[in-house]
Amino acid sequence: MADTYDLIVLGSGPGGYVAAIRAAQLGMKTAIVERERLGGICLNWGCIPTKALLRSSEIFHYLTHASAYGLSAEKPSFDIKAVVARSRKVADQLNGGVKGLMKKHKIDVHEGVGTLTGKGKLSVSKDGKSTELSAKNIIVATGARARELPFAKADGKRIWTYRHALVPEAVPETLLVIGSGAIGIEFASFYSDLGAKVTVVEMLERILPVEDAEVSAFMEKALAKQGMAIHTKTGVQKLEATAKGVKAEIKFADGKVEMQEFSHVIVAVGIVPNVEDIGLEKLGVKQLANKHIETDGYGRTNVEGLWAIGDVTSGPWLAHKAMHEAVICVEKMAGAKDVHAMSTANIPGCTYSRPQVASVGLTEAKAKEAGYKVKVGKFPAIGNGKAIALGETEGFVKTVFDEATGELLGAHMVGAEVTELIQGYVVARELETTEAELMGTTFPHPTLSEMMHESVLAAYGRPLHI
């Protein structure tokens, strides 16, 4: 006899475990199936451990620049094994936290590989044994993995994906980062601050290509100033790992092709959804051209009772998007009132490099493409008292408004702690705030958040400190 539930969640990443918790809160008998570790990639091999690593490199950067603050730190050094161990300890702590949440909410956890065997049916295999489960509803939250280059598979020794880059035995002497999205730039920042000579190549015309063009341009200059070599409109045509390093055939923007050598390479060229061998084809589940599962705004697939959330569906592929749509999905499933379909318009994007990048809504270019006549405000960190006191005067805040209505169309930030600040603009957009409310809001002084106020004022010709 199969164990029967109201809901089975396949995958325990941010989307999966949040879906299970919300279902349990709504009185649903719930099970979760996980083949590796509770918390998924984000908690164990992504969002959380990378931030732990970046914190270590950030502190090391401050130690090596202690004199700028009137301090001295003689010959600061680091132990990369200890840095990695701290990162893994943080991940382990949160993994234990998710286990505790499952127990608290009486959610059954089935360890093993889950496979859909029919409508409302799922088989879990582990150590040669199978357990049959059934439920009225099943959520697929299997996430995604790093996309590899077809001509050079990651070997974990010289050619790395993000998983390998999280647990290095030593800091690379020379590092090639292929891809300049958030993952690529974060690892470039981490290893550069620890002394690696870093080269970043991006096939598109600018780094961080989803960000506002001014932010991308600023970041390119900032990273180059730190000593990184940044090459846009550039592709890697061949990689050959050797005992001592990696030979890379690089085609530059001018058409010139060079063979360069690096001690290590990080491949950060996107993700591939985990859709293989989980029974989607047997049920006739519709998939998009990129193999991600097709869903509506509530997470429903074309198969009754089967839902999908997170990185296995359409983008943006962010943990906080997965968490949010998990709640929407489960509440819709449970018949809750006033459940709004998932909208990606107000989902912030964050890059935790040095300096940080954060944004929400439309870029200036996208707003103009959409037909808006815009008012744009920009305020530099050098004009903010708290930024000067912190010694963090690198960056700016940019806001884009609809001239006709005063609607905040987008906000774009680069600088210290902007990943914490961006939520102010996210809330403003969610509440459909106009420039009038933002200009009339009192911001605490002295704080970095005052740059947010000044950027709004600047859009309407009223900045106070520039």
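The values are calculated or read from the model by the stated rules, or taken from the named source; none is laboratory data. Keep in mind the model is a prediction, meaning the values are calculated, not measured. Ideal geometry is used to build each Cβ from the backbone, glycine not excepted, and the neighbour counts take in all protein chains shown. For the accessible areas, the whole protein counts, side chains as well, though only heavy atoms, and no ligand, DNA or RNA atoms are used. Shrake-Rupley method; radii C 1.70, N 1.55, O 1.52, S 1.80 Å.
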Review point. Got at least one residue in the range 270-280 being surrounded by 14 or more Cβ atoms within 10 Å (Cβ to Cβ) and more than 27 Å from the chain's Cα centre (by Cα)?
Key: yes
Point to revise | Search result, residues across the range 236-276 that are without any contact (Cβ under 8 Å) to a residue 40 or more places away in the chain and either among the acidic types (Asp, Glu) or at positive phi (or both) | key: Glu249, Asp254, Gly255, Glu258, Glu276
Review point. Of the residues that make up the range 115-132, is at least one part of a helix (DSSP H, G or I) and surrounded by 15 or more Cβ atoms within 10 Å (Cβ to Cβ)?
Key: no
Review point. Looking at this structure, is Thr442 under 18 Å from Gly361 (Cβ atoms) and in a loop (DSSP other than H, G, I, E, B)?
Key: no
Exercise for review: For Leu409, work out the one condition from (1) closer than 30 Å to Lys29 by Cβ; (2) part of a strand (DSSP E or B) it doesn't fulfil.
Suggested key: (1)
Study note, to complete from the structure: Among the residues of the range 408-447, the number that are over 21 Å from Cys350 (Cα atoms), among the charged types (D, E, K, R) and either surrounded by 14 or more Cβ atoms within 10 Å (Cβ to Cβ) or free of Cβ contacts under 8 Å to residues at least 24 places away in the same chain (or both) is 2
Practice item. Kindly establish whether Val265 is part of a strand (DSSP E or B) and out of contact with any Asp or Glu (no Cβ under 9 Å at 6 or more places or on another chain). Key: yes
Review point. Can you tell me which residues in the range 385-407 are surrounded by fewer than 14 Cβ atoms within 10 Å (Cβ to Cβ) and of a type in the set (S, T, N, Q)?
Key: Thr405
**Study point:** the range 303-314 residues that are hydroxyl-bearing (Ser, Thr, Tyr), paired with ones that are surrounded by fewer than 17 Cβ atoms within 10 Å (Cβ to Cβ) (beta carbon under 7 Å, 6 or more apart)
**Key:** Ser314/Leu288
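Identify, from the list Glu331, Glu304, the residue that is outside any strand (DSSP E or B), in contact with a Leu (Cβ under 8 Å, 6 or more places away or on another chain), open to solvent by 30 Å² or more (accessible area, probe 1.4 Å) and within 16 Å of Ile8 (Cα to Cα).
None of the other options fit; the residue is Glu331.
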Revision key, fill the gap. Going through (1) assigned to a loop (DSSP other than H, G, I, E, B); (2) more than 16 Å from the chain's Cα centre (by Cα) one by one, Ser314 fails only at (2)
Practice item. Could you tell me which of the residues Ala146, Ala152, Ala188 is in contact with a Leu (Cβ under 8 Å, 6 or more places away or on another chain), at pLDDT below 95 and not aromatic (Phe, Trp, Tyr)? Key: Ala152
Study note, to complete from the structure: The helices (runs of 4 or more DSSP H) lying wholly within the range 137-250 that contain at least 2 residues that are farther than 18 Å from Ser353 by Cβ, among the β-branched types (Val, Ile, Thr) and open to solvent by 20 Å² or more (accessible area, probe 1.4 Å) are none
Check your understanding: Among the residues of the range 364-377, is any in contact with a strand residue (DSSP E or B) (Cβ under 9 Å, 6 or more places away or on another chain), farther than 13 Å from Ser449 by Cα, in contact (Cβ under 8 Å) with a residue 60 or more places away in the chain and assigned to a helix (DSSP H, G or I)?
Key -> yes
Practice item. Test Thr50 against the criterion of being surrounded by 21 or more Cβ atoms within 10 Å (Cβ to Cβ) and closer than 18 Å to Glu186 by Cβ, and give yes or no. Key: yes
Revision key, fill the gap. Of those in the range 322-339 that are free of Cβ contacts under 8 Å to residues at least 24 places away in the same chain and of a type outside the set (D, E, K, R), the residue farthest from Leu306 (Cα to Cα) is His324
Exercise for review: Can you tell me which residue among Arg22, Arg37 is in a helix (DSSP H, G or I), in contact (Cβ under 8 Å) with a residue 24 or more places away in the chain and under 18 Å from Lys103 (Cβ atoms)?
Suggested key: Arg22
Review point. What number of residues within the range 80-114 satisfy the criterion of being open to solvent by less than 90 Å² (accessible area, probe 1.4 Å) and either touching a strand residue (DSSP E or B) at 6+ places or on another chain (Cβ under 7 Å) or not small (Gly, Ala, Ser) (or both)?
Key: 19
